[in-house]
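J.: Here it is: the structure, laid out below.
The values are calculated or read from the model by the stated rules, or taken from the named source; none is laboratory data. Treat the numbers as computed from the prediction; the structure is a model and nothing was measured. Note that we place each Cβ from the backbone using ideal geometry, even for glycine, and neighbour counts take in every protein chain shown. Note: accessible area is taken over every heavy atom of the protein model, side chains too, but ligands, DNA and RNA are not part of it. Shrake-Rupley method; radii C 1.70, N 1.55, O 1.52, S 1.80 Å.
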Amino acid sequence: MRFEVRDLACGYTPSAPVLRHVNLLLEPGEICCVLGPNGVGKTTLFRTLLNLLPSLAGTVAIDGEDTRRWKPRQLSRVVAYVAQAHIPTQPFRVREVAMMGRLGLLSAAAQPGRRDHELVEQALEDVGIRHLRDKIYTEISGGERQLLMIARALAQQPKLLIMDEPTANLDYGNMARVMQCIRQLAASGISVLFTSHMPDQAFYCRAKTLLLCRGGAPRFGPAEEVLSERSLQEAYGTAIQVFEVVGAGERPLRLTAPRFEE
Amino acid sequence: MKLSSERLRSEWLRERRRERSRFLAAGLLTGLVFLLCCCFRANAWAYGEKFIPLVYLKNLGLALRVLLGRALPPVSGEARVLYLGALSRLRSTAMALLSGAGLSLAGAVFQNAWRNPMASPGMLGATAGVRLGNVLLITLFSAAAIEHVFLRYAFCYGFSALCVGFVMLLGSLAGGRRREISVLEMVMAGSVLSSGLNVATMYLMYRLEDDALLLFEELSFGMLEQTDAVSNAVFFIVMLGSMLPLLLLRTRLNLLGADRLESAAMGVSIRPLRLLAQFCGVVIAVCAMVHCGELGMLALVIPHAVRRFAGAEMRRVCVFASAAGGCVMMLARLLCSFFHILSEPVPAAFFVNLILTPLFIVILARGRGELK
């Protein structure tokens, strides 16, 4: 699957678009990290990509086909979404939450069948939380809940996974687990588009990066090219240093840190 | 790691068997309570509403044969009496079953859709509309109001529809530019509107004569069972017509709590589903109140009680809540037949609350903050 966004403008009024000239291209198994300051329009971009908001200009295409006229069900066969924070409503079991990913693919009054059960169990296994399948969803940890949301999205058998700040509010260990999961998904051929406030995560995943700046044109390309000290300062309005570390026997890894004034 | 297909298949079959047996047990239990209530109430009709359970139990076989049509045409004097009683009590018990089942189902749907454990269909002002419809009709026609069946339904359903429409409009306006109906504003609008209508209802109540006031109370609390053919037809059509979509869509109702972005990405347009669920829930609540009076805490407590033992999955909650609500309501109606306070009949809501209040206290005490 080839996911292409070309010269996209999105927002709520044509006279004042929130984002302009957004371009990105994802091939199967590629990861793209969307970075930018608060309020720059990341959620607006996702709403547009998921057809909840009409685009003001430009195209969103999957394998060359414009998705703007696609019905929700048609889109859900290709694209799945993981929200930033899922608010638990009722004490569902873990496997019941994962099964919700299949419901949109069934007809309105249909009950999930054997195939749905198999896909859900496999999705739970893939993200490593199948042992929690009978636990109450409100009683598992934040990291496990995030992995469950990914499993729910995987149950849709998507080719593209869109994730809104998947590591927000997670501790370091859970953040690492979610990052590892994203890398594994990409390795299995699923494209992943995720937002983050941590530029390091683009480097962890060796991802393509879409850097959104307030007032400026978005930059898109490999993280090593897009995330320079200058571009990060422009985007976040603060001095940020980019440096390279080399672990024993490992490839060099770039990291970022704020540059504090003495 | 790829899971074994055989193992998953056997797991699925086991779970499906377990679920089917639970559904079957719920259906059988509800059917049993229905038959028992019909038998007892038919016997009570024949024995002047006396509480003599041993006699009724002895007559159980005969009453069952009558109910199942095995004793038709009536062969003995006792069977004939039971047959006449059974016919009227059968309809009344079926109304109790459906109103209890419908209200519990509507409560479960509203609690999920509004992400609020206290939500109930009455919060949109519909029940205040029914009360106002009743009191206006009685103000216009006094004690003869009961004969104006169609007009009564037009008043009650009409005022409820107006109230709910007004509250939804306010919620929609409060939702701002995106027209996403805001639950909080809708609840506030519902409360304010209900309070305003209740003031009007109370004003009209104080102006009623004694016999008209008594009629209003009997209608409001469901002590005056209207089991004529027209009332029955309206009740069964409206109630079944509103329950059926919810029962058919019960698996999809799991998504009611999801936000718009999530549900769209899962391939479901959540707004029409949420509107349909709320519409059906409100119609059920209005129908139950118009035909059976106020029924107490069914919509609030039964869904919580069901979730305690069956989990939150709506496919199960809808079925079990309907069964449990129906059973509680039938038992409450049965108790109404036998027990009076100071020789005065007691509304079914009294027994419903008598059964459910201790249950709700236990749920709250053992909930460990689950209802937050």
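J.: Take chain B, connect every pair of alpha-carbon atoms lying under 10 Å apart with a spring to form a Gaussian network, then pick out the residue of B:R274, B:R260, B:R18 with the largest mean-square fluctuation.
T.: Of the options given, B:R18 has the highest mean-square fluctuation.
J.: Could I ask something else about it? At a threshold of 8 angstrom on Cα-Cα distance, excluding pairs fewer than six apart, so keeping six or more, what relative contact order does chain B reach in percent?
T.: Answer for chain B is 25 percent.
J.: Taking a ≥ b ≥ c as the square roots of the eigenvalues of the Cα gyration tensor of the range A:1-69, is the shape rounded (a/c under 1.5), prolate (a/b larger than b/c) or oblate?
T.: Cα axes put the range A:1-69 in the oblate bin.
J.: Hey, another quick one. Suppose all protein chains stay in the model; what accessible area per residue would a 1.4 Å probe give for the protein assembly as shown, in Å²?
T.: Averaged over the residues of the protein assembly as shown, the accessible area is 45 Å².
J.: Let me ask you something else. Can you return the lysines within cross-link range of B:K50? Criterion is Cα-Cα under 20 Å, with same-chain partners fewer than 8 residues away left out.
T.: B:K58
J.: Let me ask something else about it. Ratio of the protein assembly as shown's C-alpha Rg to 2.2 N^0.38 Å, to two decimals?
T.: Ratio of Cα Rg to 2.2 N^0.38 Å: 1.17.
J.: Could you tell me what percent of the accessible area of the protein assembly as shown is made up of carbon and sulfur, with a 1.4 Å probe and every protein chain present?
T.: 59
J.: For chain B, what does -39500 (n - 2.57) per DSSP helix run (n ≥ 4), summed and divided by total residues, give at 222 nm, in deg cm²/dmol to the nearest 500?
T.: For chain B, the value works out to -25500 deg cm²/dmol.
J.: As a test of the formula, what do you get for chain A when each DSSP H run with n ≥ 4 contributes -39,500 (n - 2.57) and the sum is divided by the residue count, at 222 nm and rounded to the nearest 500 deg cm²/dmol?
T.: -9000 deg cm²/dmol
J.: So in the protein assembly as shown, what percent of DSSP beta bridges are antiparallel if you round to the nearest 5?
T.: 60
J.: For the range A:17-148, just say rounded, prolate or oblate: build the C-alpha gyration tensor, square-root its eigenvalues into a ≥ b ≥ c, call rounded for a/c under 1.5, and beyond that prolate if a/b exceeds b/c, oblate if not.
T.: prolate
J.: In addition: Write down Rg/Rh for the range B:101-366, rounded to two decimals, with Rg from the C-alpha atoms and Rh from the Kirkwood relation over Cα pairs.
T.: 0.97
J.: Using a 10 Å cut-off on Cβ to Cβ distances, tally the other chain neighbours for every residue of B:4-15 and report the average as a whole number.
T.: 3
J.: Here's a follow-up. What pairs from A:K42/A:K71; A:K135/B:K2; A:K71/A:K159; A:K208/B:K2; A:K159/B:K2; A:K71/A:K208 go past 24 Å between their alpha carbons?
T.: Going by Cα-Cα distance, A:K208/B:K2; A:K71/A:K208 fall outside the 24 Å limit.
J.: Okay, moving on. Expressed as a rounded percentage, what relative contact order does chain A have, with Cα pairs under 8 Å and six or more residues apart?
T.: Here the relative contact order equals 23 percent.
J.: Let me ask something else. Could you derive backbone 3J(HN,Hα) for the range B:140-153 from the dihedral phi with the Karplus parameters 6.51, -1.76 and 1.60 (θ = phi - 60°), listing whole Hz in sequence and x where the residue is Gly or Pro?
T.: Once rounded to whole Hz, the list reads 6, 10, 6, 5, 7, 4, 5, 6, 8, 4, 5, 5, 4, 5.
J.: Right, another one. Under the rule a/c < 1.5 gives rounded, and otherwise a/b versus b/c splits prolate from oblate, where does the range B:202-328 land using the Cα gyration tensor?
T.: Taking the square roots of the gyration eigenvalues as a ≥ b ≥ c, the range B:202-328 is prolate.
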